[in-house]
Amino acid sequence: MRVKKLKHAGLKKWVEEAVALMTPDSVEVCDGSRTEYVRMIKTLVKAGLATPLKARPNSYLFRSDPSDVARVESRTIIASKTEIEAGPTNHWKDPVELKATMSALYKGCMTGRSMYVIPFSMGPVGSDIAKIGIQITDSPYVVANMHIMTRVGKKVLDVLGDDGFFVPCYHSIGKPLASWDSDNGEWPCEPDVNKKFISHFPDTYEIWSYGSGYGGNALLGKKCLALRIASVLARDEGWLAEHMLILKITNPQGQVKYITGALPSACGKTNLAMLLPTLPGWKVETIGDDIAWMKFGPDGRLYAINPEAGFFGVAPGTSDHSNFNAMQSIRKNTIFTNCGLTEDGDIWWEQIGHGAPGKEIIDWKGNKKPAPQTDKSPKGEEIAHPNARFTAPARQCPCIAAEWEDPKGVPISAFLFGGRRAATIPLVNQSKSWVHGVFMGSITGSEITAAALDIKAGTVRRDPFAMLPFCGYNMGDYFGHWIKLGKKSEAEGHGDKLPKIFFVNWFRKDKDGNFMWPGYGENSRVLAWMFDRCDGKDNYVETAIGNLPKPGAIEPPPGVSAETMAQLCGLDKAGWKTEIADIRDKHYAQFGDRLPKELYAELDAIEKQLS
Ligand code: SAT
Ligand code: MN
């Protein structure tokens with residue numbers, strides 16, 4: 001479609017301004033069709049950027065530039081009017097200055113390339129909870145990925161109408177081409193990190209990204225729109241935009257509940273969303289693996305949608321053992337980035353569960369290496385980049401729930417938070433109240449050292465609500481927003497319908513440094529306990545830190561003794577005293593008077609009960 005044909009005057013003007021600034025050779029409005037996808041891929045194969053995979057139908061491997069392999073948090077900016085609005089956990093720049101700097105970079109940046117205008121919906125098209133974004137990009141790789149990760153095309157423009165709201169998203173890889181040139185197999189980007197910008201303008205709900213073609217830097221629907229800008233929209237409009245998986249759980253009696261969960265990276269969030277329960281008769285299905293948008297319904301319950309349409313998952317570590325359903329999801333129609341390429345035309349990565357076939361393999365940098373016999377590589381010599389990714393349609397997941405695209409969303413019974421904590425934090429703990437649950441979310445974090453005997457208080461990297469790099473405004477205010485929503489629901493007489501809140505920790509270690517809990521499918525035992533808690537079952541003991549499982553309430557998995565269970569589910573008073581001090585002095589202190597007083601009250605109350 002041509003820009004001239006755009007019905008939305010604001011959109012048309014915005015695109016025309018971008019064209020004048022970025023001077024692409026041609027412009028096209030994307031329709032989201034299969035033909036368009038195929039055309040993007042053909043362009044990418046011709047430019048030497050995509051390798052078709054013999055072993056997987058309609059699947060392609062890309063290798064990015066070594067300077068462009070992950071989100072760049074140091075260049076991710078929240079450009080609110082004042083620095084305090086961005087808060088202590090974000091990078092801030094003055095919006096006027098930043099726009100001037102970036103406009104200079106955008107000038108002529110698409111010369112020699114096509115500009116694609118991508119109308120996309122985050123969430124089922126037309127859902128009350130969904131939002132529309134329009135991304136301008138010069139990367140066909142981004143277009144193809146957006147086709148998988150979001151809903152793209154004319155139907156989105158139809159919903160937008162001639163005056164609907166959209167989040168404008170500028171994106172350029174920052175690599176103009178001479179008219180006679182092509183990418184010649186070299187991933188185009190701006191290699192100078194100081195010229196990369198992932199900018200957010202929360203006051204005008206705008207996103208401007210420059211210099212990177214990778215992941216969250218470039219697929220602007222995901223972290224930029226669905227979390228950073230959406231968290232601001234959610235604050236302004238009274239809902240929640242969260243870095244949470246959404247799962248459906250069915251008990252042996254056929255009763256269903258929906259749970260959302262926030263875990264920092266490297267805690268197995270995608271694995272949990274696609275878990276295969278070991279508990280007989282229980283079933284887990286997936287609604288989403290990364291982001292949840294939640295709004296209160298007229299009945300006072302909180303309804304969640306998955307704003308995404310695909311999985312952008314970390315490849316290394318994914319195997320039939322760790323995540324069978326993810327492995328099934330990526331058998332076809334999948335884009336792989338920075339994985340190894342085997343002699344038989346398949347992808348390979350560390351901890352995929354087997355060595356690589358044949359004699360040689362091509363690593364993520366394009367170099368030939370001996371094919372690994374096992375699925376491990378020495379650190380620094382990985383075949384796949386540690387942040388190698390797969391982009392796969394969610395509908396290909398064998399355990400995707402039938403209602404995953406229901407525009408109404410699914411009613412949420414529980415939230416869970418968690419982190420990687422070798423000591424102190426119990427296997428599962430239920431909050432005593434909404435505010436106590438917000439407290440739990442606010443102290444979420446993981447240990448930064450894996451060395452078992454080296455764990456001291458203060459080595460925890462707090463990642464509140466797993467939102468640290470994804471909150472579009474002051475995180476103290478964000479905690480306040482959570483508290484406010486709970487209070488409003490209680491004031492309206494719906495307090496009993498608020499989701500119950502839990503904190504989990506699958507990663508406790510014993511004194512020899514061994515994991516005490518087997519994790520993976522056995523986590524279904526913990527989900528089952530939570531399920532019963534939501535129904536008010538008397539399966540808990542009240543303690544200073546929250547409601548812990550009654551002895552025997554969670555049947556130990558094979559190989560876990562009753563003593564270990566008692567330790568996993570017990571209250572470590574001394575550990576918690578240190579924890580409380582760490583939260584007060586190192587974590588909460590940074591937010592100054594923006595930290596809601598209710599959270600200090602929770603801290604004081606726990607401290608008092610512990611002494
Ligand atoms: O690259 S993304 O931001 O989409 C994924 C991640 O870092 O969590
Ligand atoms: Mn994520």
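Please treat every number below as a calculation from the coordinates, not as lab data. Keep in mind the model is a prediction, meaning the values are calculated, not measured. Cβ atoms come from the backbone with ideal geometry, glycine included; neighbour counts cover every protein chain shown.
Counting 0.36 nm for each residue step from ASP236 to VAL38 and taking away their Cα separation leaves a gain of 67.3 nm. Using a simple spin-label model with pseudo-atoms 7 Å out from Cα toward Cβ, LYS46 and LYS195 lie 2.6 nm apart.
When the chain is fully extended, how far beyond the present Cα-Cα distance does THR578 get from LYS368, taking 0.36 nm per residue of separation? Provide the component values of the computation, followed by the final result.
Working: separation 210, 0.36 × 210 = 75.60 nm, distance 5.01 nm.
Going from the current span to full extension adds 70.6 nm.
Rounded to the nearest Å, what's the spacing between the alpha carbon centres of region 86-100 and region 192-247? Just the number, please. Result: 14 Å between the Cα centres. When you work out D = kT/(6 pi eta Rh) for region 111-179 at 4 °C and 1.567 mPa s, using the Kirkwood radius from C-alpha pairs as Rh and the Stokes-Einstein form, the result is 102 µm²/s. For the chain, the longest principal axis of the Cα atoms and the long axis of helix 597-610 meet at an angle of about 40 degrees.
Summing -39500 (n - 2.57) over the DSSP H runs of n ≥ 4 in the chain and dividing by its residue number, what mean residue ellipticity at 222 nm do you reach, to the nearest 500 deg cm²/dmol? Kindly include the intermediate steps, with their values, before the conclusion.
Numbers: 16 runs with 155 residues, N = 611.
The helix-only estimate for the chain comes to -7500 deg cm²/dmol at 222 nm.
Could you state the number of Å between the C-alpha centres of region 377-411 and region 33-85? Region 33-85 and region 377-411 have Cα centres spaced 16 Å from each other.
Checking the Cα-Cα distances for LYS269/LYS379; LYS488/LYS550; LYS248/LYS597 against a 26 Å cut-off, the pairs over it are LYS488/LYS550; LYS248/LYS597. Over the C-alpha trace of region 331-447, radius of gyration and Dmax come out as 20.5, 59 angstrom. Residues whose amide H falls under 5 Å from that of PHE417, counting only those 5 or more places apart or on a different chain, are ALA262, PHE502, PHE503, VAL504, with hydrogens built in the peptide plane.
Each Lys and Arg adds +1 at its Cβ and each Asp and Glu adds -1 at its Cβ; summed about the Cα centre, region 77-190 shows a dipole of about 160 debye.
Karplus-derived 3J(HN,Hα) values for region 188-199, using 6.51 cos²θ - 1.76 cosθ + 1.60 with θ = phi - 60°, are x, 6, 9, x, 6, 4, 6, 9, 8, 9, 10, 9 Hz; glycine and proline are entered as x. For ASP289, the residues whose modelled amide H falls within less than 5 Å of its own, excluding neighbours fewer than 5 places apart on the same chain, are ILE246.
Placing +1 on the Cβ of every Lys and Arg and -1 on the Cβ of every Asp and Glu, with nothing else charged, gives the chain a dipole about its Cα centre of roughly 640 debye.
If I take R0 = 51 Å and measure r between the Cβ atoms of SER114 and HIS354 in this structure, what FRET efficiency does the formula 1/(1 + (r/R0)^6) give, to the nearest 0.05? If you can, show how the numbers build up before the last one.
On the way: r = 41 Å, r/R0 = 0.79.
The computed FRET efficiency comes out at 0.80.
log₁₀ I(q)/I(0) of region 447-599 at q = 0.11, 0.19 Å⁻¹, via Debye over equal Cα point scatterers, no solvent, to two decimals? For the requested q values the scattering log ratios are -0.58, -1.44. Residue-wise HN-Hα couplings along region 531-543, as the Karplus relation 6.51 cos²θ - 1.76 cosθ + 1.60 with θ = phi - 60° gives them from phi, are 3, 5, 4, 4, 8, x, 5, 7, 10, 9, 10, 7, 9 Hz; Gly and Pro carry x.
To one decimal place, what Kirkwood hydrodynamic radius in Å is obtained for the chain from all pairs of distinct Cα atoms?
Values: mean 1/r = 0.0400 Å⁻¹.
In the chain this quantity evaluates to 25.0 Å.
For LYS550 and ASP604, the difference between the fully extended length at 0.36 nm per residue and the C-alpha to C-alpha distance is 16.9 nm. Projecting the Cα atoms of VAL159, ALA384, ALA414 onto the dipole axis of the chain, where Lys and Arg carry +1 and Asp and Glu carry -1 at the beta carbon, places VAL159 farthest toward the positive end. Residues whose amide H comes within less than 5 Å of that of ALA315, counting only those at least five positions distant or on another chain, are ALA388, ARG389, PHE390 (H built at 1.01 Å from N in the peptide plane).
Can you work out the base-10 log of I(q)/I(0) for region 395-519 at q = 0.09, 0.13, 0.18, 0.21 1/Å, using the Debye formula on its C-alpha atoms alone? Result of the Debye calculation: -0.35, -0.69, -1.08, -1.20. In terms of packing, defined here as the mean over residues of other Cβ atoms within 10 angstrom, the peptides 171-180, 463-472, 298-307 line up highest first as 463-472, 298-307, 171-180. Rg and Dmax, both from the Cα atoms of region 11-124 and both in Å, are 18.3, 53.
Sequence gap at least 6, Cα distance under 8 Å: using those rules, report the relative contact order of the chain to the nearest whole percent.
Values: 1369 pairs, mean separation 86.8, N = 611.
Rounded, it is 14 percent for the chain.
Taken one residue at a time, the phi angles of region 323-329 give Karplus couplings (6.51, -1.76, 1.60, θ = phi - 60°) of 7, 4, 5, 5, 4, 6, 5 Hz. Gly and Pro are set to x.
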